[in-house]
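Inspection log for the structure reproduced underneath, given as structure tokens.
The values are calculated or read from the model by the stated rules, or taken from the named source; none is laboratory data. In this text, all values refer to a predicted model and were calculated from it rather than measured experimentally. Virtual Cβ from ideal backbone geometry, glycine too; neighbours counted across all protein chains shown. Only protein heavy atoms, including side chains, enter the accessible area calculation; ligands, DNA and RNA are left aside. Shrake-Rupley method; radii C 1.70, N 1.55, O 1.52, S 1.80 Å.
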Amino acid sequence: MSKQITIPFGPQHPVLPEPLHLDLVLEDEKVVDVIPTIGYVHRGLEKLVEKREYTEYVFIAERICGICSFIHSQAYVQGIEQIMGLEIPERAQYLRTIWSEYSRLHSHLLWLGCFADSMGFESVFMNSWRLREHILNDLEATTGGRVIQGVCKVAGVRRDITPEKLDEMVKGLRGIEHELQDLTNVFLHDSSIQHRLKGIGVLKKEDAYQLGAVGPTARGSGVAIDIRETGYAAFGKINFRPVVEHDGDCYARCAIRAKEMFTSIDIIEQCAKKIPDGPVDMKVTGAPDGEYFSRAEQPRGEVIHYIKGNGKKNLLRHRVRTPTFTNIPPLITLLKGCDLADVPVIVLTIDPCIGCAER
Amino acid sequence: MMEPQTILPIGVGDVVPKAEQAKRDGKRLVQIGCTKIGDDFEIIYVYDKDYQLTSYRITVKQADEIPSISSVYFGAFVYENEIHDLYGIHVTGINIDFKGTFYKTTIKHPFSVTIVKEDDSCQNK
Amino acid sequence: MTYLAKSPWIIHYDASSCNGCDIEILACLTPMYDVERFGIINTGNPKHADIFVVTGSVNEQNREVILNIYNQMPDPKVAVAVGICATSGGVFRECYNVAGGIDKLIPVDVYVMGCAARPESIIDGIVTALGILEKKRSEGASAPVVTDHHMNKEHHKHAEGGVQ
């Protein structure tokens, strides 16, 4: 047996925009053990429910993470609405669905870009982010914010989208579809990318399920978990099928995200066709008394907001279980036995969002 | 409106058998979360199969020890280390035990105490 | 300042930020905003960097990382705090684990507003920093090595003890 050495990876590392620290125990070039250290981004924001009213706390919930921002606020207000028994206007549900799919598009393009960069494909990185600006322009035009939208509130949304604008948005998305197709073709068919990804970091189906993998990490291994299928917001009235791949390697997880972008465009188009007229918010009185696990599907997988109130303005507890947090055990399993040179690629394929994970 | 949820109260001794049962039933571990209610700590174990949640609640004191389910579900260690670091509840037999270094916080076991920050003003003096 | 004699390189560190400002910094590098036309390159190595861009606020665990990066940078150097969290702690200032803005730890030259900071304001902040950098260069200023007096020694011990 050769000598073991430990290599620190992160927190400040060129491929990681965010601070995650891994101690990699190596035998020659093989990783034999991984010890993650988190907490570089831990703020303790769940404790702020004691200082903020439940209506104000939406802003904090949104800032758990700047990439998954909209869906965090959506999951939080959904939980509050469920506890208070509020039947919110249908138009607001559709608008939330549209914005959450826009968030998914922007997150996946962001990820594809960062992923390409981690493999040394700088031009693909630039192209992904160029397309992402189109998504961000629409988000900014309709919500007022590029990455932090602040448009969700308890019992509705703050802004409406005019039918003309909705038309324009759908046309715009259809307009960039062929460019998205060109981009995904690179990820799906380019020989050097296939060489870099195929058969690397394989997560077996049973492992993915038992270790609690969610989102593209689970679906890449053939575990069809997609919380959108539970029909929250307007997803119950939309036809879509979750994208599932079966190989469980880096290529499969990458393919999931590339293909999901087109599902999102479809969902937005269906929403734009089906969206009913009406108000987008309603009056809310009182305070939540009860507890609920509110679930939503983020770009990175299932997010759970546990909300417990006792009829006062300040909640007793808000606990967020984010997709990255539960994807840490699968990541450890994936890294054991891989080559040192593949570590950045494998780490990125679970799409780690440390801001989410540590809150 | 989404489906209603119920949380079943169980004893501390039932935690591991219930986890084993859940695993036999083909459920995945969704989360373990803790809430401080007065002097008591409620720990909720949530399992999922086909989008149906099954939740079990135990109520303990801070000095109590709770058994780890990481021998049943490998991934449970992240939640159990979190409960130890943020609430100060001791969890016995975790497979990857960080011994209090999972989260490094200014205040020890922040969720178990009431915190008053001296400098709460916006101005950063 | 009308022109730049040298290409300034930046190093970015995410100190307990929510990612919002981080992805906007990355967006600055991409075709829409393209700061590389000013010769600005995002590097991963503090020894190559002139400008330290920090997002998010100081917390218990990242203190030493921020100091470590700042002290490794060669003189002259400029620190830019991007976003309200890096400036004062922002919405998170009341959180138990947030000590406040980056200026609690290192000298900050430029503050960029916003939550999340927009790419335009980030570019404006970096360009302002370039002016300060030129000034420091002409004065031959050298920043002192910054140490952390508030570092909690007990936690430090924990970290060394770590998981075996």
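From the list B:Ile43, B:Ile10, B:Ile37, which residue is within 17 Å of A:Arg319 (Cα to Cα), more than 8 Å from chain A (Cβ to nearest Cβ), free of Cβ contacts under 8 Å to residues at least 60 places away in the same chain and of a type in the set (Val, Ile, Thr)? Before the answer, list the steps.
Numbers: B:Ile10 fails: within 17 Å of A:Arg319 (Cα to Cα); B:Ile37 fails: more than 8 Å from chain A (Cβ to nearest Cβ).
Answer to the selection: B:Ile43.
Regarding A:Thr217, is this residue surrounded by 21 or more Cβ atoms within 10 Å (Cβ to Cβ), within 14 Å of chain B (Cβ to nearest Cβ) and among the β-branched types (Val, Ile, Thr)?
Values: surrounded by 21 or more Cβ atoms within 10 Å (Cβ to Cβ): yes; within 14 Å of chain B (Cβ to nearest Cβ): yes; among the β-branched types (Val, Ile, Thr): yes.
So A:Thr217 fits the description; yes.
For region A:211-229, what are the residues that are in contact with a strand residue (DSSP E or B) (Cβ under 8 Å, 6 or more places away or on another chain) and modelled with pLDDT of 85 or more? Before the answer, list the steps.
Of all residues in region A:211-229, those in contact with a strand residue (DSSP E or B) (Cβ under 8 Å, 6 or more places away or on another chain) come to A:212-218, A:225-228.
A:Ala213, A:Val214, A:Gly215, A:Pro216, A:Thr217, A:Ala218, A:Ile225, A:Asp226, A:Ile227, A:Arg228 - these are the residues of region A:211-229 that are in contact with a strand residue (DSSP E or B) (Cβ under 8 Å, 6 or more places away or on another chain) and modelled with pLDDT of 85 or more.
For the structure I just gave you, tell me whether A:Glu27 is surrounded by fewer than 20 Cβ atoms within 10 Å (Cβ to Cβ), touching a strand residue (DSSP E or B) at 6+ places or on another chain (Cβ under 8 Å) and closer than 30 Å to C:Gly44 by Cα. Outline the logic, then answer.
Numbers: surrounded by fewer than 20 Cβ atoms within 10 Å (Cβ to Cβ): yes; touching a strand residue (DSSP E or B) at 6+ places or on another chain (Cβ under 8 Å): yes; closer than 30 Å to C:Gly44 by Cα: yes.
Considered against the rule, which asks whether it is surrounded by fewer than 20 Cβ atoms within 10 Å (Cβ to Cβ), touching a strand residue (DSSP E or B) at 6+ places or on another chain (Cβ under 8 Å) and closer than 30 Å to C:Gly44 by Cα, A:Glu27 comes out as yes.
Conditions: (1) without any contact (Cβ under 8 Å) to a residue 12 or more places away in the chain; (2) open to solvent by less than 10 Å² (accessible area, probe 1.4 Å). C:Ala81 meets all but one. Number of the miss?
Only one criterion is unmet by C:Ala81, namely (1).
For region B:46-61, which positions are more than 12 Å from chain A (Cβ to nearest Cβ) and either touching a Ser or Thr at 6+ places or on another chain (Cβ under 8 Å) or within 29 Å of A:Gly231 (Cβ to Cβ) (or both)?
Filtering region B:46-61 down to residues more than 12 Å from chain A (Cβ to nearest Cβ) leaves B:56, B:58-61.
The one that is more than 12 Å from chain A (Cβ to nearest Cβ) and either touching a Ser or Thr at 6+ places or on another chain (Cβ under 8 Å) or within 29 Å of A:Gly231 (Cβ to Cβ) (or both): B:Tyr56.
Could you say whether any residue in region C:90-98 is open to solvent by less than 10 Å² (accessible area, probe 1.4 Å), part of a strand (DSSP E or B) and among the β-branched types (Val, Ile, Thr)?
Among the residues of region C:90-98, at least one is open to solvent by less than 10 Å² (accessible area, probe 1.4 Å), part of a strand (DSSP E or B) and among the β-branched types (Val, Ile, Thr), which makes the answer yes.
Is it true that A:Asp277 is assigned to a loop (DSSP other than H, G, I, E, B) and crowded, with 23+ Cβ neighbours inside 10 Å?
On the way: assigned to a loop (DSSP other than H, G, I, E, B): yes; crowded, with 23+ Cβ neighbours inside 10 Å: no.
Judged against the criteria, A:Asp277 is not a match.
So, in region A:281-312, how many residues would count as being crowded, with 18+ Cβ neighbours inside 10 Å and polar (S, T, N, Q)?
2
Restrict the check to region A:101-109 and report whether at least one residue is within 24 Å of A:Gly301 (Cβ to Cβ), within 12 Å of another protein chain (Cβ to nearest Cβ), open to solvent by less than 10 Å² (accessible area, probe 1.4 Å) and of a type in the set (A, V, I, L, M).
Yes.
Being among the charged types (D, E, K, R) and either closer than 16 Å to B:Val12 by Cβ or within 11 Å of the chain's Cα centre (by Cα) (or both) is the filter here, so list the residues in region B:49-103 that pass it.
Initial filter on region B:49-103 (among the charged types (D, E, K, R)): B:49-50, B:57, B:61, B:64-65, B:80, B:82, B:85, B:97, B:99.
Within region B:49-103, B:Arg57, B:Lys61, B:Asp64, B:Glu65, B:Glu80, B:Glu82, B:Asp85 meet the criteria.
Output the number of the condition that A:Glu87 fails; it satisfies all remaining conditions of (1) over 18 Å from the mean Cα position of the chain (by Cα); (2) charged (D, E, K, R); (3) surrounded by 24 or more Cβ atoms within 10 Å (Cβ to Cβ).
A:Glu87 satisfies all of (1) over 18 Å from the mean Cα position of the chain (by Cα); (2) charged (D, E, K, R); (3) surrounded by 24 or more Cβ atoms within 10 Å (Cβ to Cβ) except (3).
Please find, within region A:38-66, the residue that is nearest to the other protein chains (Cβ to nearest Cβ) out of those that are open to solvent by 10 Å² or more (accessible area, probe 1.4 Å) and not charged (D, E, K, R).
If we take residues in region A:38-66 being open to solvent by 10 Å² or more (accessible area, probe 1.4 Å) and not charged (D, E, K, R), then A:Tyr40 is nearest to the other protein chains (Cβ to nearest Cβ).
Kindly indicate whether any position in region A:241-260 is surrounded by 20 or more Cβ atoms within 10 Å (Cβ to Cβ), within 19 Å of A:Ile71 (Cα to Cα) and touching a strand residue (DSSP E or B) at 6+ places or on another chain (Cβ under 7 Å).
Within region A:241-260, none of the residues are surrounded by 20 or more Cβ atoms within 10 Å (Cβ to Cβ), within 19 Å of A:Ile71 (Cα to Cα) and touching a strand residue (DSSP E or B) at 6+ places or on another chain (Cβ under 7 Å).
Looking at C:Glu134, C:Glu120, C:Glu160, C:Glu154, which is the one that is at pLDDT 70 or above, surrounded by fewer than 13 Cβ atoms within 10 Å (Cβ to Cβ) and not in a loop (DSSP other than H, G, I, E, B)? Break it down into steps so the answer makes sense when it comes.
Working: C:Glu134 fails: surrounded by fewer than 13 Cβ atoms within 10 Å (Cβ to Cβ); C:Glu160 fails: at pLDDT 70 or above; C:Glu154 fails: at pLDDT 70 or above.
Matching residue, one of C:Glu134, C:Glu120, C:Glu160, C:Glu154: C:Glu120.
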